[in-house]
Amino acid sequence: MTGFGGDVLETAGDTMSEVRAEREARAHVRDQARTSRRLARALRDRAVAAREENLVHRWRLWSAGLLPSPPDIIPLDWSHPLGLEGAVARAEQACRDCAAACDAAFSARRRGLPREVIQAFARNAATATVAQRRLEFDPADSLGALALCALVVERAEPVLAGPWRHAELVLAASASRRCGVACRAALTALYAELDAPH
Amino acid sequence: MPCGADRALRGAGRPSLEGLGSERGGSTADQDATLDSRTRNELLFREVNQRIQEIADRFDMWAETEFMCECGRAGCADLVAVPLAVYNEVRDHPARFILLAGHEDEEIERVVERRDGVLVVEKVGGAAEAAARFHRQP
């Protein structure tokens, strides 16, 4: 029959295929945005590194007497080194913050989140808690936990990159990243101490 | 991966930093000089998995959960996806660990269950004693 019923079916089919095409187009745009954001982040890191290098060169020129006045800012990596105790304390705090932020994100936003996102945040929270406990108990015996925490956060990076619309998730991703950085710094400080001649 | 993390997971040996230790007392697997790096890694992964288990329990989140492979191989950070109930059963037994197929070491463990690329192994001998010593009831 090609009457009214046929038209309705045709219209419904068209609508469905249009919706499908639109969904695909949306997913494509979202992927493109995500790629662009990653690229932008990488470019920003390169720009910061180049600026730092430039600043160091200008300080060198000034110390060699080739510049009349010193640059009015100093490079970021000239900040006072934390030392072992500072690095360990910072890592302990970062691990605690990471676990708390992931916990808050679960409590507020777990419904509707993709499974792999929840699992990644759960792994971050779990490794951060274990690392924090070991750091609190005895920093000298926390190498494995710190390394695992740094590794787990590093592997979760595609998930941490978002995009997130909710503050809890942004905070959890950011706390996880800071935790990874702090764990690496503490690990480096611990190994420097181990390798130092006593 | 940064060299420090890599080195630590490969079991660079137990560090002994004088003056670093806290005075808060207690004991962890990492502090036991009789444990080799493999056993220490296994116990670390088990501790992390117990935390994942707690989170999953608390938030009633997943039918199937991704845990860390508890093989303790140098540099292994693979994931094992099993239902939470299966992991709970494994964790009830102090000498049992869950790991990916092919990651088992027949010198220190025997396979007690095999399913979809995942193994449940039971430690034997000294490894079983160490696992029991550091087992924490959920």
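Key figures for this structure:
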quantity	calculated
Mean ellipticity per residue at 222 nm, deg cm²/dmol - from DSSP H runs of n ≥ 4 across chain A, formula -39500 (n - 2.57)	-28000 deg cm²/dmol
Gyration tensor verdict on chain A (Cα atoms; rounded if a/c is under 1.5, prolate if a/b is larger than b/c, oblate otherwise)	oblate
10 Å Cβ neighbours from other chains, averaged over peptide B:50-57	5
Tensor-based shape of the range A:81-195 (alpha-carbon gyration tensor, a/c under 1.5 rounded, otherwise prolate or oblate)	prolate
Anisotropy class of the range B:39-138 from Cα gyration tensor, a/c 1.5 cut	prolate
Computed label-point distance, nm, for sites A:Ala25 and B:Glu64 using a 7 Å Cα→Cβ extension	3.4
Sorted by Cβ density within 10 Å, fewest first, the residues B:Ile55, B:Ile108	B:Ile108, B:Ile55
Efficiency of FRET between B:Asn88 and A:Arg60 - r from beta-carbon atoms, R0 51 angstrom, step 0.05	0.25
Sorted by Cβ density within 10 Å, fewest first, the residues B:Cys71, A:Cys183	B:Cys71, A:Cys183
Whole-Å distance, taken between Cα centres, linking the range B:66-138 and the range A:119-198	24
A:Thr15, A:Thr188, B:Thr65, B:Thr39 arranged by Cβ crowding within 10 Å, fewest neighbours leading	A:Thr15, A:Thr188, B:Thr39, B:Thr65
Residue-span extension gain [A:Ala167 to A:Ala100] - 0.36 nm each, minus C-alpha spacing	22.7 nm
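Any read-out appearing in this document is the output of simple, stated calculations on the displayed coordinates, not a laboratory observation. Since this is a predicted model, take the numbers as computed values, not measurements. A quick note on method: Cβ atoms are made from the backbone with ideal geometry, for glycine too, and the neighbour counts reach across all protein chains shown.
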